[in-house]
Amino acid sequence: MNTQESGKPFSSELQRIKIIRGESRHSEEVLKLLREAAGWMESKGINQWTPGQFSIQDVEGYFSSREVYLAMDGAAVAGMFTLQFSDIQYWGDRNDESYAYLHRLAVAKSHRGGGLGGQMIRFAVHRAMEQGCSGLRLDTVAHNIKLNRYYQGMGFRYMGTRDIGAGRLVNLYEYEEETGDAGSLILRYMGEDDFEIMKEWSVSPEYLKKWAGPSLSYPLDDRQLGRYLEGANHPAESGLLVYCAVRRETGQVVGHISLSMIDRENRSARISRVIVDPRQQGQGIGLRMVREALRIAFDGLRLHRISLGVFDFNTGAQKCYETAGFTREGITREAALFGGRYADCIEMGILDREWRANGLS
């Protein structure tokens, strides 16, 4: 599109901000903004950008190799991002030229904390679709869990992790287009702000054991949940990824699921600690969570086998897992005591080729 502004209206909480197509005459302003953002990252211990990595020659090159967009507050540049239409450096064999790739997202110090970053991302999604792209992709440093949660919460789904050189790991994300389905869910990393609802759902010792097994004890508290998250949520390194399921339409947390015992040598993992908000069960939330966890495991992490265990009396969960493609593989007899009765644990598994062959991917 050759006009400076998108031809379609774009709603925003920041009505005074206009997002325009930048031109080379903005190079000095863009350089100043990027160096300021890099300095802020360094001050926060975020190993992503450094002020010295940006030069005027690099910035001038953006205007010929990418589309540069500026968020303007009057005459002042309040933020920026760029779009390009191939990204082999970051995406490698996952690169697809039908997508737009977002880079250099930065917000001026004067406008941080006001939602401008989200506004620019939503504009970028809109712009990519407007140009006929399959969607919008981006990357972010793998070690910054807070930033990963932010993108996940905006509707970006994890597509993999790559080492782009010198041990620098980035997580790859793709925006999942909204379908208008009121039941659509997002899986995002669990954080401390989710602890209260996790405790609220754990209504009794037996109910907690039903979904968490022996890994958590009643009454569930912040100390246990804090330990649960220690070392988690680094897809290239952690043995555990811990998610909350969030309704895309409302942002309401409705469930929890984890990928545990991640074994990268043998390319296996286990789905564990699955719970749906007791007030919202029977709506298919569990099945949606499991399917997305399998996509993360098989497509994102490129694993080969996923297993799980479910108690014999939990027939609803068994049906959910079978619908998701799991096969019963065996029984651990009298694995846990519930109300004076021992329950068997049914072992189930699914392989990557089964998942793909059954059209589950």
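The values are calculated or read from the model by the stated rules, or taken from the named source; none is laboratory data. Given the structure is predicted, the values throughout are model-derived calculations rather than measurements. Positions of Cβ are generated from backbone atoms using ideal geometry, with glycine treated the same way; all protein chains shown enter the neighbour counts.
Considering only region 182-196, state which residues are out of contact with any His (no Cβ under 9 Å at 6 or more places or on another chain) and in contact (Cβ under 8 Å) with a residue 40 or more places away in the chain. Within region 182-196, ALA182, GLY183, SER184, LEU185, ILE186, LEU187, ARG188, TYR189, GLY191 qualify.
Being more than 25 Å from GLY160 (Cα to Cα) and under 24 Å from the mean Cα position of the chain (by Cα) narrows it down to one of GLY52, GLY61, GLY79, GLY39, so name that one. Exactly one residue qualifies, and that residue is GLY79.
Of the residues ALA128, ALA100, the single one that is farther than 21 Å from GLU36 by Cβ, among the aliphatic types (A, V, I, L, M), free of Cβ contacts under 8 Å to residues at least 40 places away in the same chain and surrounded by 17 or more Cβ atoms within 10 Å (Cβ to Cβ) is ALA100.
Residue by residue, here is whether (1) in a loop (DSSP other than H, G, I, E, B); (2) farther than 27 Å from GLU29 by Cβ holds:
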position: GLY114; (1), (2): yes, no
position: MET120; (1), (2): no, no
position: HIS126; (1), (2): no, no
position: HIS143; (1), (2): yes, yes
position: TYR151; (1), (2): no, no
position: MET159; (1), (2): no, yes
position: ARG162; (1), (2): no, yes
position: GLY165; (1), (2): yes, yes
position: LEU172; (1), (2): no, yes
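In the set (1) over 24 Å from VAL141 (Cα atoms); (2) at pLDDT 95 or above, MET80 fails one condition alone, (1).
Candidates are the residues of region 218-252 that are acidic (Asp, Glu) and at pLDDT 95 or above; the one that is surrounded by the fewest Cβ atoms within 10 Å (Cβ to Cβ) is GLU230. ARG137 versus (1) within 20 Å of the chain's Cα centre (by Cα); (2) closer than 18 Å to VAL170 by Cβ; (3) part of a helix (DSSP H, G or I): which is the lone unmet condition? For ARG137, the failing item is (3).
Residue by residue, here is whether (1) touching a Gly at 6+ places or on another chain (Cβ under 6 Å); (2) charged (D, E, K, R); (3) more than 22 Å from GLY61 (Cα to Cα) holds:
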| position | (1), (2), (3) |
| --- | --- |
| SER110 | no, no, yes |
| GLY113 | no, no, yes |
| GLY118 | no, no, yes |
| SER134 | no, no, yes |
| LEU138 | no, no, no |
| LYS146 | no, yes, yes |
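Scanning region 84-95 finds one or more residues that are assigned by TED's automatic domain parsing to the domain that holds ARG122, surrounded by fewer than 21 Cβ atoms within 10 Å (Cβ to Cβ), polar (S, T, N, Q) and in contact with a His (Cβ under 8 Å, 6 or more places away or on another chain).
Take ALA324 and decide whether it is touching a Pro at 6+ places or on another chain (Cβ under 9 Å) and in contact (Cβ under 8 Å) with a residue 12 or more places away in the chain. No; evaluated as a whole, the condition is false for this residue.
Screening GLN280, GLN318 for residues that are in contact with a strand residue (DSSP E or B) (Cβ under 7 Å, 6 or more places away or on another chain), closer than 18 Å to TYR243 by Cβ, surrounded by fewer than 19 Cβ atoms within 10 Å (Cβ to Cβ) and free of Cβ contacts under 8 Å to residues at least 40 places away in the same chain leaves exactly one candidate, GLN280. Regarding GLU176, is this residue at pLDDT below 95, under 20 Å from TYR158 (Cβ atoms) and either within 19 Å of the chain's Cα centre (by Cα) or in the same structural domain as CYS133 (by TED's automatic domain parsing) (or both)? It is true that GLU176 is at pLDDT below 95, under 20 Å from TYR158 (Cβ atoms) and either within 19 Å of the chain's Cα centre (by Cα) or in the same structural domain as CYS133 (by TED's automatic domain parsing) (or both). Quick check on region 321-344: of everything there that is crowded, with 16+ Cβ neighbours inside 10 Å and aliphatic (A, V, I, L, M), which residue is nearest to the chain's Cα centre (by Cα)? Step by step, filter region 321-344, then rank; the result is ALA324.
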